[in-house]
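Visitor: Got a structure for you, written out below as C-alpha cells; questions coming shortly.
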Amino acid sequence: MCSPIQELDELRKNLPTTFIAGPRLRRNVATVSIVGLGPVGLTTAVAFATQGHQVTGIDIDERRRSEVARGEPPFYEKGLEGGLKRALRQKRLKIVDRMEDALRASTIVFLCVGTPSKPDGSMDDGPLRDATKSVANAWRDGKARTLVVKSTVLPGTVESVVRPVLEAAGVPFRIAVNPEFLREGRALEDALRPDRIVLGVDRPGTARILRALYRSVRSPVLVTDVRTAESVKYATNALLASKVSLANELANLCDYFGVEYDEVLRGVALDPRINAQFLVPGVGFGGSCFPKDVRALVAAGTANGYRPELFEAVLALNDRQYGRAIALLEKELGDLAGRRIALLGLAFKGNTDDVRESRAVPIARDLVARGAMVVGYDPAAMDGFSKLVPDVRRAKSVEEALKGADGCILQADWPAFSRLTAKDFVKLMASPVVVDGRRILDPKKMKGVRFHRIG
Ligand SMILES: NC(=O)c1ccc[n+]([C@@H]2O[C@H](COP(=O)([O-])OP(=O)(O)OC[C@H]3O[C@@H](n4cnc5c(N)ncnc54)[C@H](O)[C@@H]3O)[C@@H](O)[C@H]2O)c1
C-alpha cells in the first residue's frame, strides 16, 4: 500500500483541476457542519474542506472525534487519511467537542448519522431524531440556517421526523435532502466527483444555497422536492441490489443448464436496453446499505398495505446465495468436517475494512458449523471481522491463509487477490480447490486448480 499522501495525490491527479479549491472559490466559502463522522460524514467533510469550504466535524462518539482530530480515519478508505491530514493542517476542517457552538456558527448543517435496521427490518430513525434535536437546541437565536439530510431516509421521513422537531423548537430553518451515492472503497473520489447531485428542497432559495456550495463540482444537478430526493436513493439501492440478485438467479440457472454465464451476459449486453454493470454473479451483496435499505423498503411498503414481493425475493435469494460457494467446495471435498478452508476477503468487498453484513460472516459461520477449520485473511478488515466471528483463525498474509488449505473461497475483490496465480494455489494449498465468489480470477489461467465460479 502507498502512503496516505501518495494515495491522495494519485486520486487528485485523476480529477480535473476545477474540482480542487482554487482562488476563485475562496470568495464563496461556506461554513458547514457535518454531524456524524462515519464513512459518509467524514468523507463529505474532507471533500468540502478540499473544495475550500470551512468545515466542522461533530460526532457523539468521543473516541471517533479524537481519532479524526489526530488525522486518523477510524476506517480504511483510499486517499482519506491524506485528505484528512491536509484539511486539518490547512485549518479547513476542525473537529469539536462542543456541538452547540459549531452548529450555531454554521450556515449549513449536514446530518450524516446512521439509519440502521430495527430487528423487524424497518428503518431506525432514532439517531436522526437525536441529531435533529441537537440542531434545534443550538439554533434558538432566531437566525435562519439550512439543514441538509444526507443520511439515507425513507420517503416522508423529513416531513414526519425532522421538520416536526425543528418546528416544535420554534427555530427558523430551510430544509433539504441531499442523498449520498458514494461507494465505499472509492468514497473520496466519488464525493469529489459524484455522478450526480440530487437536491430535494423545500423552496427555490434552498436549492440556490446548495448549488453555490457545490459550485466547484462539475456533475449533473437534479433539483426535486424533498420526498422525491429521499425516494431516488432508495430506488437506486433497490435497483442495484436487484441487479445483483438477478445476476445470481441467472448464474444459478446457468449452472443447471451447463452454460457459461459470462458468454450469456456478453450476448445479453449487446441489447442496448440492458446495462451489464452490476450483473456480476457471486456470493451476494453485503455492506451497510443494500441489505438494510431494501429491508426498510419492504418493511415500509408492507406497513402501508403494499407488499413488495420482488424485493422480498431479492433479499431471500441474497440470504442463501453464499451457500452455493459452500456447495461447490463440498462437491470437490465431500464432508467439510476437519477440512482447512482459507477464506480470502472478510470485508463486504475489496478496498474497505467495513464488515457490516459482509457475506464472509455467514460463509465463515456455516463452515465452522460444519466442523471446518476456517483461516481468514483480509488486508484491512481482520479486527472488525474477528469481533463478529471469533472462531475464525487469523492469517497474517494470503500465503499464510492458503498454506496447507484443502479449499479456498474468495469472498472480496481486493486487487491483491486478483493477482493470485494457479502456481500460488498449487504451491501453497494441500489440495488446490478454489471457489471464486467474486469473479476476479480468469478460469483459463487456473491450470492445475480445481477452480469454480458461480455460473
Ligand atoms: N456507508 C456507505 O457506503 C453509505 C453510502 C451512502 C449512504 N449512506 C447512508 O449515510 C448514512 C450514514 O452512513 P455511515 O455508513 O457513515 O454511518 P455510520 O453509522 O457508520 O456512522 C454514523 C456516525 O454518526 C454518529 N452519530 C450517531 N448519532 C449521532 C448524533 N446524534 N450526533 C452526532 N453524531 C452521531 C455515530 O457515532 C457515527 O460515527 C446512513 O443513512 C447510510 O445509509 C451510507
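Nothing in this text is a laboratory measurement; each read-out follows from the coordinates by a stated rule. These figures come from a predicted structure and were not determined experimentally. FYI the Cβ positions are ideal-geometry reconstructions off the backbone, even for glycines, and counts take in every protein chain you see.
Visitor: When only DSSP loop residues count, what trypsin sites (Lys or Arg not before Pro) in segment 257-295 have their Cβ near at most 16 other Cβ atoms within 10 Å?
Guide: Counting only loop positions with at most 16 other Cβ atoms within 10 Å, the trypsin sites (Lys or Arg not before Pro) in segment 257-295 are R273.
Visitor: How compact is segment 351-455 by the rule of thumb for globular proteins, expressed as Cα Rg over 2.2 N^0.38 Å?
Guide: Here the answer is 1.01, to two decimals.
Visitor: State the antiparallel share, in %, of DSSP beta bridges confined to segment 96-203, rounding to the nearest 5.
Guide: DSSP beta bridges in segment 96-203 are roughly 25 percent antiparallel.
Visitor: K445: which lysines have alpha carbons under 19 Å from its alpha carbon, excluding same-chain residues fewer than 8 sequence positions away?
Guide: Leaving aside lysines fewer than 8 places away in the same chain, those within reach of K445 are K423, K427.
Visitor: Still on this structure: Could you give the distance between the Cα centres of segment 78-155 and segment 365-397, to the whole Å?
Guide: Spelled out, the Cα-based centre of one part sits 34 Å from the other.
Visitor: Using the Kirkwood formula on the Cα atoms of segment 166-217, what hydrodynamic radius do you get, in angstrom to one decimal?
Guide: One over the average 1/r among Cα pairs gives 12.7 Å for segment 166-217.
Visitor: Taking 2.2 N^0.38 Å as the expected size of a compact globular protein, what ratio does the Cα radius of gyration of segment 133-227 give against it, to two decimals?
Guide: For segment 133-227, the normalised Cα radius of gyration is 1.14.
Visitor: While we're looking at this one, here's another question. Please give the FRET efficiency for K331 paired with R307, using the beta carbon to beta carbon distance and R0 = 56 Å, rounded to the nearest 0.05.
Guide: After rounding, the FRET efficiency stands at 0.95.
Visitor: Tally the DSSP beta bridges in the chain and give the antiparallel ones as a percent, rounded to 5.
Guide: 5
Visitor: Next up: Can you tally the net charge around A401? Count Lys and Arg as +1, Asp and Glu as -1, for every other residue whose Cβ sits under 10 Å from the Cβ of A401. Walk me through the numbers before you get to the answer.
Guide: Working: positive: R340, R393, R394, K396, K403; negative: D378, E399, E400.
Here the count lands on +2.
Visitor: Now, a different point. In whole angstrom, note down how far apart the Cα centers of segment 236-257 and segment 273-304 are.
Guide: Taking the Cα centre of segment 273-304 as reference, the centre of segment 236-257 is 11 Å away.
Visitor: Is segment 64-147 rounded, prolate or oblate when judged by the Cα gyration tensor, a ≥ b ≥ c being the square roots of its eigenvalues, rounded requiring a/c under 1.5 and prolate requiring a/b larger than b/c? Before the final figure, lay out each step's value.
Guide: Numbers: a/c = 2.50, a/b = 1.14, b/c = 2.19.
Here segment 64-147 falls in the oblate category.
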